[in-house]
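Student: Quick one: structure below, then a few questions.
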Amino acid sequence: MERPSAPVKNNGTKAAKTAKATKIPYRERQKKRRELRRIFLNGVLFKNPMLVGALGMFPLVTCTTLKNALELSFLLLVISIPVNVVLCYTGNLVPGWVRPAWATAISLAVYAPASIWMDSLFPGSVQSLGMAAALMAVNSMVLSRANEYAPAHIFSAVIADTLGCTLGGAMVLCLTAVLREWITYGDVGMRTMTLFRGKGISLPFFGFLILGFLAAGVQHINRRRSQPKGKKVNRL
């Protein structure tokens, strides 16, 4: 019996093409996952909007207890996601000079149901936070990402950036609040405290002081990452 060389060759070629075609989408998916991971980590730490861009600092300086920080972090998340998603799909449909007003309008529209939801989870939170809660609707971190980043990137990148920046901002808020509450009361609990009341630690300048140390730490990390391996960092 003659060996069917031609069919075997064709089947082999077809199998090789199929295997190659399978590897390409897998590599693309892996590359996309790495890119999304990089975007997320940049928002959390390396390009944290609060620590690197000095955006959205008002809630940072007003958070004096962990309860305040968790409430504002929840509000930040609930406002950021819909605002950035809407701007991802509609940001390029409006002129650039109109986009900041459009982002602000969406944020204000989202704030009303978001504040009601927060008050149901944390009873009395809207009243205790007062102006700090209301100003989250025009938080510069939310509006800057919605105006500049969201319209220029695809949906998955926008979600990764939004979650990363929100988590990074929440970590800074909670860390600052825990430190201030522990120094003031000697422990950390879910207590409610009126803003700007109490000792100097509860005043805004102390929040800026903590922010300065945290920002310096992130700058040091970024500087170390930018240096070639094996090369010492110049400390001058």
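Values in this text are rule-based calculations from the coordinates and carry no lab data. As the structure is a prediction and not an experimental result, all values here were calculated from the model. Heads up, the Cβs are rebuilt from the backbone with ideal geometry, glycines too, and the neighbour counts pull from every protein chain shown.
Student: Please work out how much length the chain gains when fully extended from residue 226 to residue 34, using 0.36 nm per residue of separation minus the C-alpha to C-alpha distance, in nm with one decimal.
Tutor: Separation in residues times 0.36 nm, less the Cα-Cα distance, equals 67.2 nm.
Student: Taking θ = phi - 60°, what integer Hz values does the Karplus form 6.51 cos²θ - 1.76 cosθ + 1.60 yield along segment 102-118, in sequence order, with x for Gly and Pro?
Tutor: Taking θ as phi minus 60°, the curve returns 5, 5, 5, 5, 5, 4, 5, 5, 6, 4, 4, x, 5, 5, 5, 4, 5 Hz for segment 102-118.
Student: Return the sequence-ordered ³J(HN,Hα) values of segment 41-50 in whole Hz as given by the Karplus equation 6.51 cos²θ - 1.76 cosθ + 1.60 applied to θ = phi - 60°, using x for Gly and Pro.
Tutor: 5, 4, x, 5, 9, 5, 10, 3, x, 6
Student: Could I ask something else about it? How big is the dipole moment of segment 52-207 about its Cα centre under a simple scheme where the beta carbon of each Lys and Arg is +1, that of each Asp and Glu is -1, and everything else is neutral? Debye, nearest 20, please.
Tutor: Magnitude of the dipole: close to 240 debye.
Student: If you don't mind, another one. How would segment 52-207 be classified by its alpha-carbon gyration tensor: rounded, prolate or oblate, with rounded meaning a/c under 1.5 and the a/b versus b/c comparison settling the rest?
Tutor: It comes out prolate by the Cα gyration axes.
Student: When the Karplus curve 6.51 cos²θ - 1.76 cosθ + 1.60 is applied with θ = phi - 60°, which whole-Hz ³J(HN,Hα) does each residue of segment 220-227 get, with x for Gly and Pro?
Tutor: Taking θ as phi minus 60°, the curve returns 5, 4, 5, 5, 5, 5, 7, 7 Hz for segment 220-227.
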